[in-house]
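Report on the following structure.
The values are calculated or read from the model by the stated rules, or taken from the named source; none is laboratory data. Predicted model, so just to flag it, every value in this text is computed and none were measured. With ideal geometry, Cβ positions are generated from the backbone for all residues, glycine too; neighbour counts draw on all protein chains shown. Keep in mind that these areas ignore ligands, DNA and RNA; they rest on the heavy atoms of the full protein, side chains included. Shrake-Rupley method; radii C 1.70, N 1.55, O 1.52, S 1.80 Å.
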Amino acid sequence: MDLADAEKVSPGIIACRLEAETSGRAYQDVWKQMDETIPVFMKSIRRGLGDHSKSRSGLVGGDARKLYDKEPLLLGPLAKRAAAYAVATAEANAKMMCIVACPTAGSCGIVPAVVAAVGEHVGAKRYDYTRALFTAAGIGHVVAENASIAGAVGGCQAECGTAAGMAAAAAIDLLGGTTEQMKNAIALALKNILGLTCDPVAGLVEVPCVKRNGFEAVHTLVAVEMAMAGIKTQIPVDEVVAAMDQIGKLMPVSLRETSLAGLAATETGKRIADKLSRENKDY
Amino acid sequence: MGIFDIIGPIMIGPSSSHTAGAARIGQLARLILNDELTAADITLYGSFAKTGRGHGTDKALVAGLMGYGPDSIVIRNAIETARKNGIKIHFFFSEEDAGHPNTAKILAYGTNDRKVEVVGRSLGGGRVMITSINGYAVAITGEENTLLTHHKDVPGIVASVSRVLADEYVNISNMRVFRKNKGVDAVMIIHTDDPITEACKQKILACNPNIVNVMTLKKV
């Protein structure tokens with residue numbers, strides 16, 4: 001981000017250039033590869049909204065459309081749309097449609113939902129979307145290097161938390177905020193997800209993951225709204241990432257994608273797992 | 001880890017380890033078989049055995065074995081597609097500890113009694129490692145161009161093979177040699193910057209009588 005400030009460009013431009021340097025590829029090739037994820041993102045949102053079927057387990061599917069079709073009762077239209085987009089993408093993932101892992105498949109709805117909702121709001125062009133995605137990827141890369149993006153290593157904070165930080169950075173980029181606001185938005189988004197466990201029912205990326213994507217999209221918007229209003233984080237973003245790493249390491253293995261505790265170990269969670277396990281071996 | 005490990009891979013859901021990784025393991029097994037697939041016996045271990053079906057691990061492995069990648073829509077109906085093409089697929093679910101929670105063992109059959117046993121692990125984020133081929137311990141990720149030889153454990157194999165590569169102007173990025181027992185069967189894995197051509201492969205096969213078999217994998 002210091003580099004971005006020094007050159008007065010978006011952190012996304014720096015991220016693209018660093019990737020080109022480390023991979024030995026041309027800047028334009030790297031740019032094009034990110035640009036090509038946009039139609040996949042958009043299609044995953046559209047297909048998630050358009051497909052009413054259930055996932056193989058029957059646990060999720062069809063909820064994104066319900067949310068999308070309803071007149072907002074309490075939320076603003078942008079926030080409600082973002083939540084619907086995020087659930088749509090996560091449902092598409094659960095139903096074995098094509099998605100972009102971002103940073104993981106389980107958290108794949110948050111970044112596209114926020115980027116699409118904010119992008120529509122500000123009238124972003126394709127170039128802006130690509131740049132914002134590079135900004136998001138750059139932030140995700142920093143978290144991956146200094147903490148983790150795997151639920152099995154750091155719990156859900158590592159997946160949905162990182163996604164929220166990435167989405168916050170992308171949103172600030174699209175809104176034309178400063179890098180200072182960006183750092184604040186990322187820190188605020190991450191801080192509020194610290195400690196989140198990964199305890200999916202029956203080990204599937206469905207409950208609570210799909211709806212959680214919707215929640216985290218709105219959560220990200222709150223962090224962005226705060227940062228754009230000039231609210232500052234008391235703990236600098238680098239230290240928040242370090243805290244995330246420490247919390248992940250302290251988290252018991254039963255709450256890191258093993259489905260041994262938490263929601264997975266509830267009476268209902270176990271009943272669902274038993275039922276699916278019997279069906280699993282039915283060849 | 002690069003930027004496109006963060007935004008990416010583009011994949012069929014729902015899980016980068018259980019779906020995208022499984023497709024990659026299947027794809028690599030197919031490349032190692034190096035033949036048309038006629039049948040496969042697939043054993044799933046650990047988390048693959050427990051939650052594999054809900055994650056489409058079974059479908060993804062079969063799609064990979066048919067040559068399709070993690071972003072191929074074929075994954076959704078891979079098992080039906082395989083059956084339609086006369087490919088016999090059998091699944092086994094093991095309670096054994098395979099040393100890694102996301103492990104699959106694939107016995108893949110080609111034409112003319114050709115078969116190969118491949119064990120692969122899904123490491124997360126869609127990245128994988130083949131850990132065994134026909135009982136030989138190996139470490140192949142498919143992220144680099146790979147040359148693999150089966151040979152007798154005698155002096156001079158490394159020299160013979162590296163001579164051919166030098167003549168063909170292929171640069172080696174790293175290499176490892178494994179053996180089951182001293183003086184018996186051994187395996188060498190060489191990663192190269194450039195892909196290895198069919199002509200180069202034939203030269204390696206001919207360069208030393210103690211080399212039994214040569215496989216090449218282009219990076220995927």
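Count Lys and Arg as plus one, Asp and Glu as minus one, and take only other residues whose Cβ is under 10 Å from that of A:LYS80; the net charge is then +1. The charge dipole of chain B, taken about its Cα centre with unit charges on the Cβ atoms of Lys, Arg (+1), Asp and Glu (-1) only, comes to about 260 debye. Quick one: angle between helix B:21-33 and the longest Cα principal axis of chain B, in degrees between 0 and 90, rounded to 10, please. Approximately 40 degrees, to the nearest 10.
Straight-line reach from A:LYS249: taking Cα to Cα under 17 Å and skipping same-chain neighbours fewer than 8 places apart, the lysines in range are A:LYS191. Taking every C-alpha pair closer than 8 Å and separated by at least 6 residues, the mean separation divided by the residue count of chain B gives a relative contact order of 20 percent. For the stretch B:86-185, applying the loop criterion from DSSP together with a ceiling of 14 other beta carbons within 10 Å to the trypsin sites (Lys or Arg not before Pro) yields B:ARG114, B:LYS180, B:LYS182.
Relative to one another, the C-alpha centroids of the stretch B:163-220 and the stretch A:101-119 are positioned 43 Å apart. How many angstrom lie between the C-alpha centres of the stretch A:213-283 and the stretch A:129-199? A separation of 13 Å, based on Cα centres. Give me log10 I(q)/I(0) at q = 0.15, 0.23 Å⁻¹ for the stretch B:145-217, Debye formula, one equal scatterer per alpha-carbon, no solvent. Evaluating at q = 0.15, 0.23 Å⁻¹ gives log10 I(q)/I(0) of -0.42, -1.00. If you take the square roots of the eigenvalues of the alpha-carbon gyration tensor of chain B and sort them as a ≥ b ≥ c, do you get rounded (a/c under 1.5), prolate (a/b over b/c) or oblate? In terms of gyration-tensor shape, prolate. Only Lys, Arg, Asp and Glu carry charge here, each on its Cβ (+1 for the first two, -1 for the last two); on that basis the stretch A:1-124 has a dipole of about 660 debye about its Cα centre.
Here's the list of lysines a cross-link from A:LYS66 could span, going by alpha-carbon distance under 29 Å and ignoring same-chain residues fewer than 8 apart: A:LYS43, A:LYS54, A:LYS80, A:LYS95, A:LYS125, A:LYS211, A:LYS270, A:LYS275. A simple count of charges around B:ASN181, restricted to other residues whose Cβ falls under 12 Å of its Cβ and scoring Lys, Arg +1 and Asp, Glu -1, yields +2.
Each Cα pair under 8 Å and six or more residues apart adds its separation to the average, and for the stretch B:14-140 the resulting relative contact order is 35 percent. With an a/c value of 1.5 or above and a/b not larger than b/c for the gyration tensor axes a ≥ b ≥ c computed over the alpha-carbon atoms, the stretch A:55-204 is described as oblate.
Shape class of the stretch A:194-274 from the alpha-carbon gyration tensor: oblate, with a/c at 1.5 or above and b/c at least as large as a/b.
Residue ranking by accessible heavy-atom surface, 1.4 Å probe, largest first, among A:MET228, A:MET244 comes out as A:MET228, A:MET244. Ellipticity at 222 nm from helices only: DSSP H runs of n ≥ 4 in chain A, each -39500 (n - 2.57), divided by the residue count, give -20000 deg cm²/dmol. Taking trypsin sites (Lys or Arg not before Pro) in DSSP loop states with no more than 10 other Cβ atoms inside 10 Å as exposed sites, chain A has its longest site-free stretch at A:126-283. For A:TYR68, what charge total do you get from the other residues with a beta carbon under 9 Å from its beta carbon, if Lys and Arg give +1 and Asp and Glu give -1? Spelling it out: positives minus negatives among the neighbours equals +4. Write down the percent of antiparallel bridges among all DSSP beta bridges whose residues are both part of the protein assembly as shown, to the nearest 5. About 85 percent, rounded to the nearest 5.
Helix A:237-250 and the longest principal axis of the Cα set of chain A meet at an angle near 20°.
Here B:LYS219 is the anchor, and the aspartates and glutamates within straight C-alpha reach of less than 20 Å, apart from those fewer than 8 places off in the same chain, are A:GLU19, A:ASP29, B:ASP5, B:ASP35, B:GLU36, B:ASP71, B:GLU143, B:GLU144, B:GLU168, B:ASP193, B:ASP194, B:GLU198.
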